[in-house]
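Down below is the structure, laid out as structure tokens.
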Amino acid sequence: MIFAIEEINNSTKLLPGVRLGYQIFDTCASVLVATQVASQLSNGQDPVFYKVNNCSKSGVVMAAVGDSGSTPSISILRMIGSFKIPLVSHFATCACLSDKKQFPTFFRTIPSDHYQADAMAKLVKHFGWTWIGAVHSDSDYGNNGIASFLATALREGICVEYIESFYRTDPRNKIRIVADAIRRSTAIVVVAFTAAGDMKVLLEELKRQPPPPRQWIGSEGWITDPLLMSFSFCAGAIGVAIQQSVIPGLRNFLLDLSPSEVAASPVLTEFWEDTFNCSLTKNLY
């Protein structure tokens, strides 16, 4: 986002005569934190966002970008929507957010889960799997996603042996119940409409006593996560992924950042340390 805003501000064609300021918040995938951020956005910010020549010094928020999760996005919209502040999400896919009566100021750059769920059901049908199990995140993303999937699956003649819901903060006993349902089932195909954080908790529980071979069908929330694909029993998992693209100039922007510029930003620090496997710490001597 920082790169994109700098591209816009340095361009004479994209938004001539306008300079954008910004402030980045981390909601930590938490509804509570998202609500606190929404409250701050609604009440205005510091007098100056981004101090450059000819930049407006107004603290009024004109729009928000995010959140990556559907449930936090809904929480944010409940607050800033009343002030007609648009929310543009890059990753909130819940079909429920398409309801313009409830969320008139919500926009996104990723398709609704209505299309993903339909594609997953047809994928299962394509391979001739008619007896499956289903697990999903107990969230707006998972609940709405699996409901859309099941509606299409039933029309395609697919039968479901079990449906289990869970959330990453559930007690371990609840996660164990979901894992045991997968281990004991006769269905060898498991459709998982989950967020990556939730799926990680489930896979770690399954790792304690790996189940018989299972064919995993995953939603875009977790299916391409390298960490989750490292679990041996996820070998051969298939699902729906987001199309990748090359952003001209982004690579050079990231490589040209100096250590001092990175250290000044918690966002860039986290990115650098993860990408280059290093630690940015201040020299105290």
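The values are calculated or read from the model by the stated rules, or taken from the named source; none is laboratory data. Just so it is clear, the structure is predicted and the values come from calculations on it, not from any experiment. Because the Cβ atoms are built from the backbone with ideal geometry, glycine has one as well, and the counts that use them run over all protein chains shown.
The residue of the range 150-166 that is farthest from His126 (Cα to Cα), among those that are under 23 Å from the mean Cα position of the chain (by Cα) and crowded, with 16+ Cβ neighbours inside 10 Å, is Phe166. Taken together, the residues in the range 104-138 that are under 14 Å from the mean Cα position of the chain (by Cα), buried (at least 23 other Cβ atoms within 10 Å of the Cβ) and outside any strand (DSSP E or B) amount to 1.
Picking from residues in the range 220-275 that are within 25 Å of Asn10 (Cα to Cα) and aromatic (Phe, Trp, Tyr), the one that is surrounded by the most Cβ atoms within 10 Å (Cβ to Cβ) is Trp272. Hey, any hits in the range 131-145 for a residue that's over 30 Å from Ile80 (Cβ atoms), in contact with a strand residue (DSSP E or B) (Cβ under 9 Å, 6 or more places away or on another chain) and of a type outside the set (A, V, I, L, M)? Yes, the range 131-145 contains a residue that is over 30 Å from Ile80 (Cβ atoms), in contact with a strand residue (DSSP E or B) (Cβ under 9 Å, 6 or more places away or on another chain) and of a type outside the set (A, V, I, L, M). When we screen Thr224, Thr169 for residues that are within 15 Å of the chain's Cα centre (by Cα) and closer than 24 Å to Asp113 by Cα, the only hit is Thr224.
Looking across Ala38, Ala95, one residue alone is at pLDDT 90 or above, surrounded by 20 or more Cβ atoms within 10 Å (Cβ to Cβ) and within 15 Å of the chain's Cα centre (by Cα). It is Ala95. Annotation: Ala192 fulfils all but one of (1) over 19 Å from Ala119 (Cβ atoms); (2) surrounded by 17 or more Cβ atoms within 10 Å (Cβ to Cβ); the unmet one is (1). Considering the conditions (1) touching a residue at least 60 places away in the same chain (Cβ under 8 Å); (2) farther than 22 Å from Ile132 by Cβ, Glu273 is excluded by exactly one of them, (1). Scan the range 41-59 for residues that are within 22 Å of Arg108 (Cα to Cα) and either modelled with pLDDT under 60 or out of contact with any strand residue (DSSP E or B) (no Cβ under 9 Å at 6 or more places or on another chain) (or both) and the total you get is 1.
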